[in-house]
1. Out of the residues in the range 338-351 that are aliphatic (A, V, I, L, M) and surrounded by fewer than 20 Cβ atoms within 10 Å (Cβ to Cβ), state the one that is farthest from Leu279 (Cα to Cα).
2. Within the range 147-193, track down each residue that is aromatic (Phe, Trp, Tyr) and closer than 27 Å to Val131 by Cα.
3. Given the residues Arg459, Arg434, which is the only one that is touching an Asp or Glu at 6+ places or on another chain (Cβ under 9 Å) and among the basic types (Lys, Arg)?
4. Among the listed residues Leu145, Leu140, Leu107, identify the single one that is in a helix (DSSP H, G or I), more than 23 Å from Asp231 (Cβ to Cβ) and aliphatic (A, V, I, L, M).
5. Quick one: Leu473 ticks every box in (1) in a strand (DSSP E or B); (2) in contact with a Lys or Arg (Cβ under 8 Å, 6 or more places away or on another chain); (3) not charged (D, E, K, R) except a single one, so which number is it?
6. Among the residues of the range 317-373, count how many are among the aliphatic types (A, V, I, L, M), at pLDDT 95 or above and not in a helix (DSSP H, G or I).
7. Step by step: first the residues of the range 408-430, then only those that are aliphatic (A, V, I, L, M) and part of a strand (DSSP E or B), then the one that is surrounded by the most Cβ atoms within 10 Å (Cβ to Cβ). Which residue is that?
8. Quick check, is Glu442 under 29 Å from the mean Cα position of the chain (by Cα) and among the charged types (D, E, K, R)?
Amino acid sequence: MLLLTCLMLVAPSAESTHPDSKLEAMLADALAVIRINDPRWLDREVTKFAATLGIDPAPLRSQLGRLLFRCQALDGIDLTRPALLAWRTGPAPLLAIIPLTNRRLFLDGFGVSLGDDAPLIRIGERDGTVVYSQNTNDGLVEYRLLVSDQAAYLARTTEECRALSEHVAATALGAAPLSFTANAAFLAALEVDPFTLLPDSAQPALARTFRPLATVLWHELITQLDHVTIDLHESGEDGLLISALLYSLPMSQLGVWVGNQRNQPGHLLSVVRTPTTVLSLSGSVLWQGQGERLGQIIGSVVKHPYGASWTGTVDELWRGMWAILDRSGPFASALDLEYQGAKSVWEGRYLAEQQRAPELVTVVNSIVQTLGGQAGDAVGAASATGFHQSFGTAADQGGMPPCQLALLSNERQVVAVLSASRDPVQVAGDIFNRSANVLPPEAIPCIGSIGINFTPLLRALVQIAGGAPQPILPSAETALVIKAMPQGQLSLDAVLPVQALAQLVRDSGIQQTTGNTGNTGK
């Protein structure tokens, strides 16, 4: 599932040092292009993942065939030669070049549906091509498939199929095994809901809170992008390197903002991260007014559940809070998840260098008091001062689970702790004490990094699902490193430890806790 998710994101490079003019002409209006430069490598990685996981590789290989070739399986496809898929504007947008070893086997499995797309239905033969019909939102469209002993060529007309057949697919030296490019229009049309990956019990509350916000932020990003490229490479023997480049529109706010960023090594993450941290975020961002703009976007979404309680005073305080956050320095945050005393417990910690730290604490306390009707209690720890507030209700009353917030500051730093299990004031004091030491750089220079530690996450999820605790599990973690590049580009790189993840899933017992062995191939 993780590998297939990566493939859904992936992007292209050059196909040949001497591009075919007819092919390039047909790709001129392409919204997205996938160049499968090494299908055999992809098949091998999927098979190896399944073997380590201890499952039948057939379902995963079938999903790979559906995703990359619109085929029921990989039967009849030549995995030693490159393939190409593209989506264009206009009717019958899909275009494909698929190398073959057995035309009959390929035709028997070709045309399956993918996602919400309707399948391609074979309706006859015409002009030496196989004719397929597809029922789309815009009505019925027709595809033509020209099949030779060497390859299959899919396009909207017979002439285009024949033009494709004149193209000899080749892979440039050093090209990524899988490469994908998509413009903003293609990305905007995608309907991706990450909340479907969460346990059913967690979906309603989280989706209700964050789905509208995610939709707004996604639209805000897409409207300032020109296109995105993503490459999938091998990283060592057991990992996958996912490399993405986001190209902003010339003179867009995003492009100007990226151009003013400076990649710097972080030094605060080790202060807030623990062995049970499942998600972390750190970096050093020059917001330059975009922090305030982000706050306005978030505020337009989060204020709706409060109704009349979100008064003009709260709105003014909210804008003031984000004006201060816009001028924050290096920051780090971490989210922990454990299973203790027959229940899941969590804790979030945030540390930032902030010249107006005491003022930020005062503004946040005023927001909490105005919305909740009660000011937080004044507290102090490690030469820092701030407030403490309790939230949530009893478990049998619904609503937000009980937790406690502590927000403290000294003259140059602010610490926030939201915990369902520990005294947040004491935790905040420990963070201040650790941050007082001179800390070495932790990572390569960047503007931000998002870390995921799968080991404590799987351990907790297994216990939450009713499985036995597994104290000793393989280590599997990754980090998405975000860098500012020339000409307004954002670089995102992550090494996914595929084999370590397979071992972790196998040893954690999460497959047994699902209670459905038929889903182990997902």
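The values are calculated or read from the model by the stated rules, or taken from the named source; none is laboratory data. From a predicted model like this one, the values you see are computed outputs, not experimental measurements. We place every Cβ from the backbone using ideal geometry, glycine too, and count neighbours over all the protein chains shown.
1. Of the residues in the range 338-351, the ones aliphatic (A, V, I, L, M) are 342, 345, 351.
Narrowing further to those that are surrounded by fewer than 20 Cβ atoms within 10 Å (Cβ to Cβ): 342, 345.
Working: Ala342: 22, Val345: 14 Å.
Filtering the range 338-351 for residues that are aliphatic (A, V, I, L, M) and surrounded by fewer than 20 Cβ atoms within 10 Å (Cβ to Cβ), the one farthest from Leu279 (Cα to Cα) comes out as Ala342.
2. Here is the first cut: in the range 147-193, the residues aromatic (Phe, Trp, Tyr) are 153, 180, 186.
Matches in the range 147-193: Tyr153, Phe186.
3. Values: Arg434 fails: touching an Asp or Glu at 6+ places or on another chain (Cβ under 9 Å).
Of the residues listed, the single one that is touching an Asp or Glu at 6+ places or on another chain (Cβ under 9 Å) and among the basic types (Lys, Arg) is Arg459.
4. Details: Leu145 fails: in a helix (DSSP H, G or I); Leu140 fails: in a helix (DSSP H, G or I).
None of the other options fit; the residue is Leu107.
5. (1)
6. Counting residues in the range 317-373 that are among the aliphatic types (A, V, I, L, M), at pLDDT 95 or above and not in a helix (DSSP H, G or I) gives 5.
7. Step one: filter the range 408-430 for residues aliphatic (A, V, I, L, M), giving 408, 414-418, 420, 425, 427-428.
Restricting the remaining residues to those that are part of a strand (DSSP E or B) gives 408, 414-418.
Details: Leu408: 28, Val414: 28, Val415: 30, Ala416: 22, Val417: 26, Leu418: 19.
The extreme case among them is Val415.
8. Yes; evaluated as a whole, the condition is true for this residue.
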